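Just so it is clear, none of the values below were taken in a lab; they were calculated from the coordinates. What you see is a predicted model, and the numbers here were worked out from it, not measured in a lab. When we count neighbours, we look across all protein chains shown, and the Cβ atoms used for this are built from the backbone with ideal geometry, even at glycine.
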Amino acid sequence: MYWLTGTGASAARAQALAAGQPPPPVKIPVGFSTFPDEIFAAPRSWAERSYPTLTYFHDANKGGHFAAWEEPGVFATEIRAAFKSLR
């Protein structure tokens, strides 16, 4: 999604971290999905601490780091579910 929307740099928020400062707070609703073949599966507690506006968290049943390519149906279902409450 970052490539498609051109938001990779803001998503990484690496500049603030490199400067030793906390990244700016995220003020918009956040959906977070983990995939079983990911190298690191972030626990819900980390997502909640990092994104206070977390509205959706789910452990998907298939996919990995490139879930959109590996399992496009699962990925699309996760996107829909994450933002269903905003419709």
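So how much slack lies between residue 27 and residue 49, counting 0.36 nm per residue of separation and subtracting their Cα-Cα distance, in nm?
Taking 0.36 nm per residue and subtracting the Cα distance, the gain is 6.6 nm.
If you find the alpha carbon centre of the range 73-87 and of the range 16-45, how far apart are they in angstrom?
18 Å
If each of residue 65 and residue 38 carries a label point 7 Å out from its Cα toward its Cβ, how far apart are those two points in nm?
1.3 nm
Filter the GluC sites (Glu not before Pro) in the range 13-87 to those in DSSP coil with at most 15 other Cβ atoms within 10 Å of their Cβ, and list the result.
Qualifying residues, ordered by number: 38.
For residue 18 and residue 76 in one chain, what is 0.36 nm times their gap in residues minus the Cα-Cα distance, to one decimal in nm?
17.6 nm
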